[in-house]
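The values are calculated or read from the model by the stated rules, or taken from the named source; none is laboratory data. Just so we're clear, the structure is a prediction, and the values are computed from it rather than from any experiment. Reconstructed Cβ throughout: ideal geometry from the backbone, glycine too, with neighbour counts over all protein chains shown. Surface accessibility is based on the protein's heavy atoms, side chains included, excluding ligands, DNA and RNA. Shrake-Rupley method; radii C 1.70, N 1.55, O 1.52, S 1.80 Å.
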Amino acid sequence: MHRLIMIRHGESTFNADNRFTGWTDVDLTPLGVAQARAVGAALRDAGIEIDVAFTSMLKRTIRSQWLICEAMDRMWLPILPDRRLNERHYGALTGLDKAAAEREFGAARIAAWRRSFATAPPPMALRDARAFADDPRYRDPQAGTVVVSESLADVVRRVRPFWDECAAPAIREGRNVVIQAHGNSIRALIKHLD
């Protein structure tokens, strides 16, 4: 019997600082490292095998999956990063302290940007150093545009092709699949699957 396992990365430095992270490539905290190792140990102790792991392009998911594989003594497993599993792009909120953002924009507006399905935060300016426009991970001649903000609906549209092209075929082949991702990309996958 095959399995699909979805795992959110361990605590990141921006999580610990209560900042909007989005596509910012921050690393795990010591707690995040311990969380990932604990997940790997739990999977190993439960006798769960993994055949392939997909991650986002962000180091917090990649490192979490490395640590899980290490704890399972499965360092040889294929780990395939895919940008479609990235966290939701928080636009101009990226990097802001969440409490400070609430003071600036108001709690109701922040709640709408964070929890509604179709409302995206204000876009990040392309000239902003945080815009990721020059990041080689996000150069895609087929996409034609640079992402500057996303709603959850945008993330659902982004993860659907990943599911159809990568995860679903592996599952149909009978492989045990791990998707190591982020809160919003996992929510989007679950919404698609439901």
Along the positive direction of the dipole of region 75-194 (beta-carbon charges: Lys, Arg +1; Asp, Glu -1; about the Cα centre), which of Ala101, Met75, Gly174 reaches farthest?
-> Ala101
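In debye, nearest 20: dipole of region 1-141 around its Cα centre with unit charges on the Cβ of K, R (+) and D, E (-)? Before the final figure, lay out the partial values.
Values: 21 positive and 18 negative charges, 72 e Å.
I would put it at about 340 debye.
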Percentage relative contact order, the chain, counting C-alpha pairs under 8 Å, at least six apart | 31
Amide H contacts under 5 Å for Ile5, placed H, 5+ residues apart | Val177, Val178, Ile179
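Could you tell me which of rounded, prolate or oblate describes region 1-98, using a ≥ b ≥ c as the square roots of the eigenvalues of the alpha-carbon gyration tensor, with rounded for a/c under 1.5 and, failing that, prolate when a/b is larger than b/c and oblate otherwise? Present the calculation step by step, with values, prior to reporting the outcome.
Details: a/c = 2.60, a/b = 1.75, b/c = 1.49.
Here region 1-98 falls in the prolate category.
Accessible area per residue of region 30-123 at 1.4 Å probe, in Å²? Mind showing how you got there, number by number?
Numbers: 4460 Å² over 94 residues.
That works out to 47 Å² per residue.
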Calculated from DSSP helices alone, with each H run of at least 4 adding -39500 (n - 2.57) and the total divided by the residues of the chain, [θ]222 nm to the nearest 500 comes to -11500 deg cm²/dmol
Rounded to 5, the percent of DSSP beta bridges in the chain classed as antiparallel = 15
Zone residues, region 54-83, relative to Leu193, backbone N less than 16 Å from point 7 Å out along Cα-to-Cβ = 54-56
